[in-house]
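Heads up, the thing below is written out as structure tokens.
The values are calculated or read from the model by the stated rules, or taken from the named source; none is laboratory data. None of the values given here were measured: they were computed from a predicted structure. Because the Cβ atoms are built from the backbone with ideal geometry, glycine has one as well, and the counts that use them run over all protein chains shown. Remember, those area values only see protein heavy atoms, side chains included, never the ligands or the DNA or RNA. Shrake-Rupley method; radii C 1.70, N 1.55, O 1.52, S 1.80 Å.
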Amino acid sequence: MTIARRTFLRWIGGAAAAGAAPARHVRAEARVPRIGVLESWSPAAFPHRLQAFRDGLAELGHAEGRTFAIEYRSARGDANALPALAAELAKLEVDVIFAATTATALAARRATSRIPIVIAVVADPIGAGLIASLARPGGNVTGLTTANTQVVPKRVQLLREAAAGAAARVGLLMNPSDASNLIVRRAAETEARALGFALQIFEAADRAALESAFSRMAAERIQALMVAAGQLMDSEAKRIAELAARHRLPAMYGAPEFVEAGGLMSYSASFTDNFRRAAAYADRILKGAAPAELPVEQAGTFEFVVNLKAAAALGLKLPPSFLVQATRVIE
């Protein structure tokens, strides 16, 4: 064999060996699936909700950093930031996007029709155009809904009962740009008519409008208040509870965090339970399931939370039935 041929063969062998090393490196560092999390509120606002999602994944045998990684994006209460954040997650080509609420799910759906999207607390996913039906979603969105025809009527009834039936002038604080709030408005107005009174609507589309909304309530001599949950209202839960207390308004809220912040009471699906259950959808999608074929589930756990300290500050003596019905009492 000539020196030139031996040199050539050694070069081929060395090239092959060099080519094998990156392959071993790739196998050693297998790609970890990524879950994009898109939230409306500040990370510090409701950390227990996202923790419930993480806990649900852990219960299914997942370990963060080993079987999945999270790409987190928060709009920090600014609805206008959601489209760009959703586009970021789509550009990263995450394996699934967890967009729990109506606002985040709509932003994610507009950003991608290919990446699977998991929802958790969307009030009306069909009406919002996210899915075709609960049984067969048909697109890239699936998960859980808080839809229940009795939730909002129950809120109206409990609020009237708390005010001993004397609250003829009841207001609803809502964000007109939040699709879930529009659903609450329709249901609340229907129940109010059935009970023989007119619900007065007070709109606030941003943080600055909240103070003036409560000033209008005072001018209209509102006696009791409903507050719809949603991106804006949830982010301002503490401030809204303080404003209701300052104006001495018994208030029914759409999420328990308002009551924890000092509000009177809330009746809603358990957001924490839905976030935990949403993990099962992410798990199935990461294992290859198609979102179009995963039926959307309705909420199975509901919470009636009552704050006795807030009731005392308002001079309200709540009916004994409240404490019997309450799933949680804050003293």
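Quick notes on this structure:
- Accessible area (Å², per residue) of the stretch 240-331, counting only protein heavy atoms and a probe of 1.4 Å: 42 Å²
- Residue 287/residue 186 FRET efficiency (R0 30 Å; Cβ-Cβ; nearest 0.05): 0.20
- Each of the peptides 263-275, 315-327, 237-249 was scored by the mean count of other Cβ atoms within 10 Å over its residues; in descending order, highest first, they stand as 263-275, 237-249, 315-327.
- Label positions at residue 221 and residue 325, each projected 7 Å from the Cα along the C-beta direction, are separated by 2.8 nm.
- Distance between the pseudo-spin-label points of residue 177 and residue 70 (7 Å out from Cα toward the beta carbon): 2.7 nm.
- Surface share of carbon and sulfur [accessible, 1.4 angstrom probe, percent] for the chain: 54 percent
- Extending 7 Å from the Cα toward the beta-carbon at both residue 212 and residue 58 defines two label points whose distance is 4.6 nm.
- Between the Cα long axis of helix 47-59 and the first principal axis of the chain there is an angle of about 50°, rounded to the nearest 10.
- Nearest-0.05 FRET efficiency for residue 114 and residue 309, computed from C-beta distance (R0 56 Å): 0.70
- Rounded D (µm²/s) - the stretch 29-145, Kirkwood Rh over Cα pairs, Stokes-Einstein at 4 °C, 1.567 mPa s: 90 µm²/s
- Kirkwood hydrodynamic radius over Cα pairs of the chain, then Stokes diffusion coefficient at 10 °C and 1.306 mPa s, in µm²/s: 73 µm²/s
- Helix 179-195 and the longest principal axis of the Cα set of the chain meet at an angle near 30°.
- Fully extended contour minus Cα-Cα distance, from residue 44 to residue 92, at 0.36 nm per residue: 14.8 nm
- Cα gyration tensor shape for the stretch 139-181, rounded if a/c is under 1.5, else prolate or oblate: oblate
- Multiplying each eigenvalue of the alpha-carbon gyration tensor of the stretch 106-225 by 5 and taking the square root yields semi-axes of 33, 18, 9 Å, largest first, rounded to whole angstroms.
- Only beta bridges with both residues in the chain are counted; by DSSP, about 10 percent of them are antiparallel.
- Of the peptides 195-205, 277-287, 98-108, 221-231, the ranking by mean beta-carbon count within 10 Å, highest at the top, reads 98-108, 221-231, 277-287, 195-205.
- Quotient of C-alpha Rg and 2.2 N^0.38 Å, computed over the stretch 180-331: 1.19
- Using alpha-carbon coordinates, inclination of helix 237-246 to the longest axis of the chain, degrees: 10 degrees
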